[in-house]
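*Asks:* Questions regarding the structure given below will be posed in turn.
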Amino acid sequence: MGEDKNTPAGNICSENKPDRRVRRTKTLLQQGLIGLMREKDIKDISVKELSDLADINRGTFYLHYSDIYDMLAQLEDELFCEFHSILDRTLNPESGVLSHRTAIREIFSFLERHKDLAQVMMGSHGDLAFVNRMKNLVKNRIYSILAAKQAAGSYPYIESFIVSGYIGVIEAWLNSPSPPAPEEMETICSRMVTGFIEGTNDPPQSAAGEACTH
């Protein structure tokens, strides 16, 4: 399995920040879109409805986005780039950086910063394609870690177990009225996952071996 085909290009992850007025306009539109996505699917949201809710002229909306789908795509790319950057800093077998606890803490800090948007993206009116894009990135990164540890034919099962488990934990955290802090989630998740990953290159104990220990 190669590098994730959804790895963001440099132009998508540009660090150029818009001026204050543009940031304010985009923030108002984002807040409006989040509110509408709590109630309806993206296909049922119009530019007029969003612009009226955000109290912004439709012409101003079109200065930044071609339509609602373009706006959603840009928001998703921004989230994806930040998430990708976290994995590169914390789980990068090629550079020898494998800090599972730091990765967990930074991922939940990332979710905390973008909680409202993450909730609607993973909610009933969210974008399944975006969720799958994030899952594939994590899956490929886990694959690289396991390959480095020579976990042999266990790859598919370990990947599925860890990725599905994390998605479930994230959904529970996002839906909790009082979720634990990222530092607490670091401890909770690392207990479940880190030892499992670290132990993947241990040879399985045979039934005969087990018998000999009794």
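The values are calculated or read from the model by the stated rules, or taken from the named source; none is laboratory data. Keep in mind that what you see is a predicted model, and the values were worked out from it rather than measured. Here Cβ is always computed from backbone atoms with ideal geometry, including for glycine, and neighbour counts include all displayed protein chains.
*Asks:* Is it the case, given these coordinates, that S109 is under 22 Å from E183 (Cβ atoms), touching a residue at least 24 places away in the same chain (Cβ under 8 Å) and among the polar types (S, T, N, Q)?
*Replies:* yes
*Asks:* Kindly list, by first and then second residue, each pair from a residue in the range 164-177 that is touching a residue at least 24 places away in the same chain (Cβ under 8 Å) and crowded, with 17+ Cβ neighbours inside 10 Å to a residue that is charged (D, E, K, R) and not in a loop (DSSP other than H, G, I, E, B), limited to pairs with Cβ atoms under 9 Å and residues at least 6 apart or on different chains.
*Replies:* Y166/K135; L174/K115
*Asks:* Look at E94 and say whether it is more than 18 Å from E186 (Cα to Cα), modelled with pLDDT under 90 and outside any loop (DSSP other than H, G, I, E, B).
*Replies:* For E94, the condition - more than 18 Å from E186 (Cα to Cα), modelled with pLDDT under 90 and outside any loop (DSSP other than H, G, I, E, B) - is met.
Quick grid of which residues meet (1) aromatic (F, W, Y); (2) under 17 Å from L117 (Cα atoms); (3) in the same structural domain as S144 (by TED's automatic domain parsing):
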site	(1), (2), (3)
R23	no, yes, no
Q30	no, yes, no
L36	no, yes, no
E49	no, no, no
D55	no, no, no
A73	no, yes, yes
E82	no, yes, yes
D88	no, no, yes
P93	no, no, yes
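*Asks:* Only one of (1) out of contact with any Phe, Trp or Tyr (no Cβ under 8 Å at 6 or more places or on another chain); (2) within 24 Å of L36 (Cα to Cα); (3) surrounded by 15 or more Cβ atoms within 10 Å (Cβ to Cβ) fails for F110. Which number is that?
*Replies:* So the condition that F110 fails would be (1).
*Asks:* Any chance the range 138-153 includes a residue that's under 17 Å from the mean Cα position of the chain (by Cα) and at pLDDT 85 or above?
*Replies:* Yes, the range 138-153 contains a residue that is under 17 Å from the mean Cα position of the chain (by Cα) and at pLDDT 85 or above.
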